[in-house]
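Scroll down for the structure; my scribbles are underneath it.
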Amino acid sequence: MLNLVLFGPPGAGKGTQSEKLIATYHLVHLSTGDLLRSEIRAGTELGLRAKMLMDQGILVPDEVVIGMIENKLNENQSAAGFIFDGFPRTVPQAEALDQLLAQYNTGITVMVALEVDEEELTKRLLIRGLSSGRPDDQNEDLIRRRVKEYNDKTAPVAGYYESQGKFKAINGIGTIEEIFQAICEKIETA
Ligand code: B4P
């Protein structure tokens, strides 16, 4: 079973690369950003609460996203593996994921971190904001807030996987195909 954590700051290309990886490795895609946006579209109570935080660039509480991931793991028990995109975003989320996977006698195979500087992230997200309609992509102050939230709360997750010998970093600047090939190489040698 291949369980991949795709890691990196907002706009690093996690969603973009996930689409290519799913097609190659036949993994189930679990994106907490996508799951939260679908709750927002459905107008659920969870979605309304998440929207208030996401529109300010703030992380949604751990128990909310852990609960969503638990449901998805239960629904996909015969999967060949999972790609975790945008999750875990805090160390408690990483610990909870290990506990959930242990129930299925499995664990994370490898974490691949996409490294992209803040100037490039801001540029990409502002461009996406022109067409995505995502409120969190539409102004530079909010993007800086998201990057700060990443540096404060999410960056330590890299150390969590490093201490398990599962952390691999790649340069997230280049063509989508070049970055895809670099991720595949890390997966094949994991
Ligand atoms: P996410 O939906 O996870 O979004 P993201 O970090 O903005 O994007 P990603 O890295 O996937 O970028 P993409 O490939 O699209 O999170 C949104 C919000 O949800 C968070 O701020 C938070 O509030 C909440 N949330 C989600 N998960 C959570 C969790 N676990 N805990 C708590 N809260 C959570 O790429 C961005 C752009 O760059 C695209 O336009 C793409 O075309 C472009 N691009 C990609 N690769 C490129 C390349 N190589 N060169 C040039 N451009 C490229």
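The values are calculated or read from the model by the stated rules, or taken from the named source; none is laboratory data. Quick caveat: nothing in here was measured; it's all calculated off a predicted structure. All Cβ positions, glycine included, derive from the backbone under ideal geometry; neighbour counts span all protein chains shown. Just the protein is used for accessible areas: all its heavy atoms, side chains included, with ligands, DNA and RNA removed. Shrake-Rupley method; radii C 1.70, N 1.55, O 1.52, S 1.80 Å.
Looking only at residues of region 120-165 that are open to solvent by 30 Å² or more (accessible area, probe 1.4 Å) and of a type in the set (A, V, I, L, M), we find that the one that is nearest to the chain's Cα centre (by Cα) is Ala155. All of Leu36, Leu59, Leu73 fail the test of being more than 23 Å from Thr106 (Cα to Cα), assigned to a helix (DSSP H, G or I) and open to solvent by less than 50 Å² (accessible area, probe 1.4 Å), apart from Leu36.
Among the residues in region 83-102, are any open to solvent by 30 Å² or more (accessible area, probe 1.4 Å), at pLDDT below 95 and either near the ligand (Cβ under 8 Å from one of its atoms) or farther than 25 Å from Pro156 by Cα (or both)? Scanning region 83-102, I find no residue that is open to solvent by 30 Å² or more (accessible area, probe 1.4 Å), at pLDDT below 95 and either near the ligand (Cβ under 8 Å from one of its atoms) or farther than 25 Å from Pro156 by Cα (or both), so the answer is no. If you check Glu63, Glu70, Glu39, Glu75 for being more than 6 Å from the ligand (Cβ to nearest atom), under 20 Å from Pro156 (Cβ atoms), over 11 Å from the mean Cα position of the chain (by Cα) and of a type in the set (Asp, Glu), only one passes: Glu63.
When you check Leu48 against the structure, is it buried (at least 21 other Cβ atoms within 10 Å of the Cβ), at pLDDT 95 or above and away from the ligand (no atom under 11 Å from the Cβ), yes or no?
Numbers: buried (at least 21 other Cβ atoms within 10 Å of the Cβ): no; at pLDDT 95 or above: yes; away from the ligand (no atom under 11 Å from the Cβ): yes.
Criteria not met by Leu48.
Gly159 fulfils the conditions (1) among the small types (Gly, Ala, Ser); (2) under 17 Å from Leu21 (Cβ atoms); (3) at pLDDT 95 or above except for a single criterion, (2). Would you confirm, using the coordinates I've provided, whether Ile183 is surrounded by 12 or more Cβ atoms within 10 Å (Cβ to Cβ) and over 20 Å from Val5 (Cα atoms)? Judged against the criteria, Ile183 is not a match. Considering the conditions (1) in contact with a Ser or Thr (Cβ under 6 Å, 6 or more places away or on another chain); (2) within 8 Å of the ligand (Cβ to nearest atom), Leu2 is excluded by exactly one of them, (2).
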